[in-house]
1. What's the number of the condition residue 108 fails, among (1) buried (at least 19 other Cβ atoms within 10 Å of the Cβ); (2) over 30 Å from residue 89 (Cα atoms); (3) among the hydrophobic types (A, V, I, L, M, F, W, C)?
2. In the range 147-190, what residues are among the aliphatic types (A, V, I, L, M), under 22 Å from residue 134 (Cβ atoms) and at pLDDT 90 or above?
3. If a residue has to be touching a helix residue (DSSP H, G or I) at 6+ places or on another chain (Cβ under 7 Å) and not in a loop (DSSP other than H, G, I, E, B) to count, how many in the range 125-161 make the cut?
4. Where the second residue is at pLDDT 90 or above and of a type in the set (Ser, Thr, Tyr) and the first is exposed (fewer than 15 other Cβ atoms within 10 Å of the Cβ) and lies in the range 50-79, which pairs have Cβ atoms under 7 Å and are six or more apart or on separate chains?
5. Any idea which of 96, 134 is modelled with pLDDT of 90 or more and of a type in the set (D, E, K, R)?
6. Can you pull out every residue in the range 14-52 that is in a helix (DSSP H, G or I) and under 26 Å from residue 203 (Cβ atoms)?
7. Report yes if residue 202 is surrounded by fewer than 14 Cβ atoms within 10 Å (Cβ to Cβ) and modelled with pLDDT under 90, otherwise no.
Amino acid sequence: MKVLIAEDDRFTREGLVEVLSEEGYDVIAAVDGTQAVTQFRLHQPDFVCLDIMMPGQSGYEACRRIREQSPDVPIVFISAKSEEMDRLVGFDLGADDFITKPFSVREVVARVRAVARRTYAAKSNPPAEFQLDDLKVLPAELRAKRGDTVIDLSPRDVAILQLLHDHPGKALDRNTIFNHAWGEDHFPNSRTLDQHVSQLRKRVEVDAKEPRLIRTVHGVGYRYEPAAEKTST
């Protein structure tokens, strides 16, 4: 999924880009409201995060202009303006959420995940739920479950797990996985894939140091080997 971040403060902008990129989103950055509107028109992101106080064109005005192009795209305001009136104006313009600075990384990620879950199923026709050993993956919810434990997933996480599930026992090379989960318009990057898999393992494996679902195939890539097959060899 594509996320547009419009924030004039460089450190905040770069921090948001880094965090959301690590979560598996394709992030488009804009330095002000005017650029945000242009980037929205060019890239048609799945949702938008707007600062309010930006030079040239405020987040409010950018929101109005983006709404003219797409009445339904989710928009989240991220702002130091925390008065009730500021929130009311934002919601009146059609904002889906409002995050007040200073904010924690966990808060932003949680809010973005909530927006992603609401829009993913409607926009992308996700696959049906599937099972990786004791892990049930629910693509439409961008979640997985192991017993009573619920695990949040990004669209990219789902794509990787789906590919492994569809090719049980097969060693999938890094380029194949990268092209499937990132898209062929991205230049294959083994380090990016390996870092993403490392983070995904921390969430979906019982023990990330001894992975059972996403096994490394040295010199090639990764493999999912179902438990039944592992016990029969």
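The values are calculated or read from the model by the stated rules, or taken from the named source; none is laboratory data. This structure is a prediction, so every number in the text was calculated from the model and none was measured. When we count neighbours, we look across all protein chains shown, and the Cβ atoms used for this are built from the backbone with ideal geometry, even at glycine.
1. All conditions pass for residue 108, except number (2).
2. Result: 150, 151, 158, 159, 160, 161, 163, 164, 172.
3. Looking only at that region, the number is 16.
4. Partner pairs satisfying both residue conditions: 56/34.
5. Matching residue, one of 96, 134: 134.
6. Listed by number, the residues that qualify are 14, 15, 16, 17, 18, 19, 20, 21, 22.
7. Here the answer is no, as residue 202 does not meet what is asked.
Condition check ((1) of a type in the set (Val, Ile, Thr); (2) out of contact with any strand residue (DSSP E or B) (no Cβ under 6 Å at 6 or more places or on another chain)) across all residues:
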position	(1), (2)
160	yes, yes
166	no, yes
171	no, no
174	no, no
